[in-house]
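Everything on this sheet refers to the single structure shown next.
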Amino acid sequence: MCVEESSKERAIRILIKHSKELKSMTELEFNKKSNEIRHGVMVLEYGETKEDKMSKINKMEDVAKILGKELEEKFMIKDKPYSALEYKLTYDGLKYYKNCSWRLCELATLRELLVGKFKIEWIPKDEEKVWIIYPEVIKPVNAMFNENSSHHTLMLKRGLITKTEEEAIEKMKEMGWL
């Protein structure tokens, strides 16, 4: 006679099976594996299939394409209160960075982005070539963006870092610095 195990029993068995493996992993590997295990538990508890999960992934990838971004690519939102926050699109939805962690946004923010109420501002990747605007310098300065530099982060939040020299010159003209 075959006894069917409950979803909770299966979830516990999965966690026990992977517990030794999880202890020896790096933080990134651990997060990935724990997400896989959580997904396995969700399937067991809520009947979600791999096809359901894939359709969600594909939709978020489509949303990212519509907004001109890739999943996990950081950006800022122009003209939104607290617009100095960093955002990114993930498989789970739109997230913002605050107090050293990524948090899920309200659906209204994503809707407002999709209908064009707010615009997405570019955030350079680490070691990406950028143009920095300084009020005391006549021309924008070319540099490699360093995401760990508090100076670069501050300049970015003030809107003084651009992708191209042309954008930097245009911004300097708007500010009356040229």
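Readers should treat all values here as calculations from the given coordinates under stated rules, not as data from a laboratory. Owing to the predicted nature of the structure, the values given are computational and were not obtained by experimental measurement. Neighbour counts run over all protein chains shown; Cβ positions are idealised from the backbone, glycine included.
Some points to look at:
- Peptide ranges 151-160, 132-141 listed from the most packed, as the mean C-beta count within 10 angstrom indicates: 151-160, 132-141
- Approximating the spin labels as points 7 Å out from Cα along Cα→Cβ, the E61-to-D92 distance works out to 2.1 nm.
- The relative contact order of the range 129-174, computed from alpha carbon pairs under 8 Å that lie at least 6 residues apart in sequence, is 43 percent.
- Cross-link pairs beyond the 28 Å C-alpha cut-off, checked among K59/K171; K95/K163; K98/K173; K59/K80; K98/K163; K117/K173: K59/K171; K98/K173
- Look at the alpha carbon pairs under 8 Å that are at least 6 residues apart: their mean separation over the length of the range 102-151 gives a relative contact order of 27 percent.
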